[in-house]
Ligand code: C5P
Ligand code: ZN
């Protein structure tokens, strides 16, 4: 299943790592980044290789030029910085374990071109324009492949497969396909993971799960009375743990939730609510979803160390991680309820986009993602985080998301959209910068240029939808 060139690059990286007795490791702050760094750090620890791991939001020139360790491992980022790495780190061993495409303006060097950096990125393994690797693999999955080759005392780190699957859940990639499925099958066979079909809500008291579930989006999220009325009507005890429900009760709850969703104006596909759930048999948090969400919240609050501790099976980290997750959900749900109740001051609609302003920081991207996926699905959604009363030197941060269905051409609606290109163009036109992925992009623009930016984005998306290429 694994392409032979990917396998040989992974082996090459492992052989280079094994030559060293110290490593500097960098990774990104989301669930995929944190699980990646935990996989690599644990594998290094088991081999007796000392390390210093850091979570950073970006790799820039000043960081790269000051590195003086002989072995540098970069997870969930680095592909976009290969030019800087080649410029400053010529005499070092650098391993990049990443799954992001190179920016539009540059190309990823071929994986075989030189010995350093060694780039383990599925975008490097293409044949005839097609990806050699079936399905999308995240950085944690790739880090796991490296860890599997870092054998210590005959052990191949297969117990770390749960972290790879948690990272894959974090990046919302398809698990039941290609290389991800190979990893999952191995994890199931080795007893690391147990799968089951059920509600994709994590574990905990049913009342709280329904009250705070934003992804999948429950129409009465944040509304205590509605949740209680629903549970009373269905005769389900909200104080029960979801995991303790009898099969019959869970199936009754599922049917009732699906019918509630159908009656509402939100668009939650059945498979977003019900499907495979992953039990992490070796981790300190057993529900795969809860585990991933807690790790993600740690990273978003600048407490990635707690997330890494959780991944390294420190039970003492559970309470703090859980509390960070609840803080994050509280903030998110409050903002969702505020926007919904804001009427004309809430979400604005133009010909080709929806947009709105938020004050709360740190949740912009997640908020936009939820609304675009489940609530405002027909046009891209732009969220602006503007700091009131500041001058133009202060940046307004923008997050844009769209429902995946808008990426493909559709009858009557026109061609597919590409938010990365749209944000890049619209932000540059007002003296800012932007980019990202077709479905999820961001930008920074000078304070005061928001209205012009919004008008630009609306017209660029309009052009994209009209174009036939
Ligand atoms: O900030 P946010 O989560 O909305 O970013 C979404 C995507 O856009 C990320 O991949 C990020 O790297 C990218 N982005 C960018 N330029 C910016 C802000 C975000 O390329 N100024
Ligand atoms: Zn990632």
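The values are calculated or read from the model by the stated rules, or taken from the named source; none is laboratory data. In this text, all values refer to a predicted model and were calculated from it rather than measured experimentally. Here the Cβ positions follow ideal geometry from the backbone for every residue, glycine too, while neighbour counts run over all protein chains shown.
From the list 166, 161, which residue is in a helix (DSSP H, G or I), closer than 25 Å to residue 25 by Cα, more than 16 Å from ligand 2 (Cβ to nearest atom) and touching a strand residue (DSSP E or B) at 6+ places or on another chain (Cβ under 9 Å)?
Being in a helix (DSSP H, G or I), closer than 25 Å to residue 25 by Cα, more than 16 Å from ligand 2 (Cβ to nearest atom) and touching a strand residue (DSSP E or B) at 6+ places or on another chain (Cβ under 9 Å) holds for just one of 166, 161, which is 161.
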Test: residue in segment 98-114 that is closer than 25 Å to residue 421 by Cα, at pLDDT 95 or above and touching a helix residue (DSSP H, G or I) at 6+ places or on another chain (Cβ under 9 Å): yes
Some residue of segment 50-64 being more than 16 Å from ligand 1 (Cβ to nearest atom), touching a residue at least 40 places away in the same chain (Cβ under 8 Å), out of contact with any helix residue (DSSP H, G or I) (no Cβ under 6 Å at 6 or more places or on another chain) and in the same structural domain as residue 123 (by TED's automatic domain parsing): no
Among (1) over 24 Å from residue 32 (Cβ atoms); (2) out of contact with any strand residue (DSSP E or B) (no Cβ under 6 Å at 6 or more places or on another chain); (3) not in a helix (DSSP H, G or I) - the single one residue 340 does not satisfy: (3)
Number of the exception - residue 311 against (1) within 29 Å of residue 420 (Cβ to Cβ); (2) surrounded by 15 or more Cβ atoms within 10 Å (Cβ to Cβ): (1)
Subset of segment 245-254 [exposed (fewer than 12 other Cβ atoms within 10 Å of the Cβ) and assigned to a helix (DSSP H, G or I)]: 247, 248
Lone unmet requirement of (1) modelled with pLDDT under 95; (2) touching a strand residue (DSSP E or B) at 6+ places or on another chain (Cβ under 6 Å) for residue 424: (1)
Where residue 72 falls short, out of the listed (1) assigned to a helix (DSSP H, G or I); (2) surrounded by 19 or more Cβ atoms within 10 Å (Cβ to Cβ); (3) at pLDDT 95 or above: (1)
Contacts under 9 angstrom Cβ, first residue in segment 158-174 being under 17 Å from residue 299 (Cα atoms) and at pLDDT below 95, partner away from ligand 1 (no atom under 16 Å from the Cβ) and not in a loop (DSSP other than H, G, I, E, B), 6 or more apart: 171/140
Qualifying positions in segment 356-387 - closer than 24 Å to residue 324 by Cα and in a loop (DSSP other than H, G, I, E, B): 359, 360, 361, 362, 363
Residues of segment 5-37 classified as surrounded by fewer than 21 Cβ atoms within 10 Å (Cβ to Cβ) and either out of contact with any helix residue (DSSP H, G or I) (no Cβ under 6 Å at 6 or more places or on another chain) or not assigned by TED's automatic domain parsing to the domain that holds residue 99 (or both), total: 12
Where residue 412 falls short, out of the listed (1) surrounded by fewer than 18 Cβ atoms within 10 Å (Cβ to Cβ); (2) more than 14 Å from residue 365 (Cβ to Cβ); (3) touching a strand residue (DSSP E or B) at 6+ places or on another chain (Cβ under 7 Å): (3)
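Rundown of residues vs (1) surrounded by fewer than 18 Cβ atoms within 10 Å (Cβ to Cβ); (2) in contact with a strand residue (DSSP E or B) (Cβ under 7 Å, 6 or more places away or on another chain); (3) in the same structural domain as residue 140 (by TED's automatic domain parsing), yes/no style:
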| residue | (1), (2), (3) |
| --- | --- |
| 186 | yes, no, no |
| 204 | yes, yes, no |
| 217 | no, no, no |
| 242 | no, yes, no |
Set 235, 191, 198: member being more than 16 Å from ligand 1 (Cβ to nearest atom) and either buried (at least 22 other Cβ atoms within 10 Å of the Cβ) or closer than 23 Å to residue 296 by Cα (or both): 198
Within segment 427-451, considering residues that are part of a helix (DSSP H, G or I) and out of contact with any strand residue (DSSP E or B) (no Cβ under 9 Å at 6 or more places or on another chain), the one farthest from ligand 1 (Cβ to nearest atom): 451
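Table: residues versus (1) away from ligand 1 (no atom under 14 Å from the Cβ); (2) closer than 22 Å to residue 264 by Cβ.
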residue: 375; (1), (2): yes, yes
residue: 381; (1), (2): no, yes
residue: 386; (1), (2): yes, no
residue: 398; (1), (2): no, no
residue: 402; (1), (2): no, yes
residue: 407; (1), (2): yes, no
Any hit, segment 129-141, residues being on the phi > 0 side of the Ramachandran plot and in the same structural domain as residue 276 (by TED's automatic domain parsing): no
